[in-house]
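The structure under discussion appears below in the form of structure tokens.
The values are calculated or read from the model by the stated rules, or taken from the named source; none is laboratory data. Remember, predicted model here, so these are calculated numbers, not experimental data. Here the Cβ is made from the backbone with ideal geometry for all residues, glycine too, and neighbour counts use every protein chain on show. Ligands, DNA and RNA are excluded from the accessible area calculation, which covers all protein heavy atoms including side chains. Shrake-Rupley method; radii C 1.70, N 1.55, O 1.52, S 1.80 Å.
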Amino acid sequence: MHIGFILLNCDLGAEEYIVEELKQMPKVKNAHLTYGAYDVIVEVNTEEQKDFEKAVADIRKLSRVVSTMTLNVIN
């Protein structure tokens with residue numbers, strides 16, 4: 001199992017829209033609005049590293065996502 005977190009910065013006012021889009025993605029386990037330096041935190045769970053990379057790429061392609069930071073969990 002590969003687990004990671006992606007921190008997102010979004011266009012102003014797009015946070016709730018993005019969380020709803022994320023929750024419909026099959027590899028996204030959780031997506032939450034946050035206060036602070038990042039607007040949204042996303043938990044992604046996959047079986048393989050390549051699937052994790054694909055999920056991150058799909059998240060980065062969402063409209064109104066400005067930037068991301070990916071954190072891989074070390075088992």
Quiz prompt | Helical contribution to [θ] at 222 nm, DSSP H n ≥ 4, -39,500 (n - 2.57), averaged over the chain, rounded to 500 | solution = -8500 deg cm²/dmol
Self-check item: Contact order normalised by residue count of the chain, Cα under 8 Å, 6+ apart, percent
Solution: 47 percent
Quiz item: How do Ile74, Ile6 stack up against each other in accessible area, from largest to smallest, with a 1.4 angstrom probe?
Solution: Ile74, Ile6
Self-check item: Cβ-defined net charge surrounding Asp39, 11 Å radius [Lys, Arg +1; Asp, Glu -1]
Solution: -2
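Compute the Cα gyration tensor for segment 1-62, then decide on rounded, prolate or oblate, letting a ≥ b ≥ c be the square roots of its eigenvalues: rounded whenever a/c is under 1.5, prolate when a/b is larger than b/c in the other cases, and oblate in all that remain. If you can, show how the numbers build up before the last one.
Values: a/c = 2.08, a/b = 1.84, b/c = 1.12.
Here segment 1-62 falls in the prolate category.
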Quiz item: At a 1.4 Å probe radius, carbon and sulfur cover how many percent of the accessible area of the chain?
Solution: 51 percent
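Would you work out the charge dipole size for the chain about its Cα centre, treating the Cβ of every Lys and Arg as +1 and the Cβ of every Asp and Glu as -1, and quote it to the nearest 20 debye?
The calculated dipole for the chain is roughly 140 debye.
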Self-check item: Per residue accessible area of the chain, 1.4 Å probe, in Å²
Solution: 65 Å²
Quiz item: What nm distance separates the two modelled labels at Asn30 and Ala57, each placed 7 Å from Cα along Cα→Cβ?
Solution: 2.8 nm
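Note the full-extension length gain between Asn72 and Glu16 as 0.36 nm times their separation in residues minus their Cα-Cα distance, in nm to one decimal.
The Asn72-Glu16 span can extend by a further 17.7 nm.
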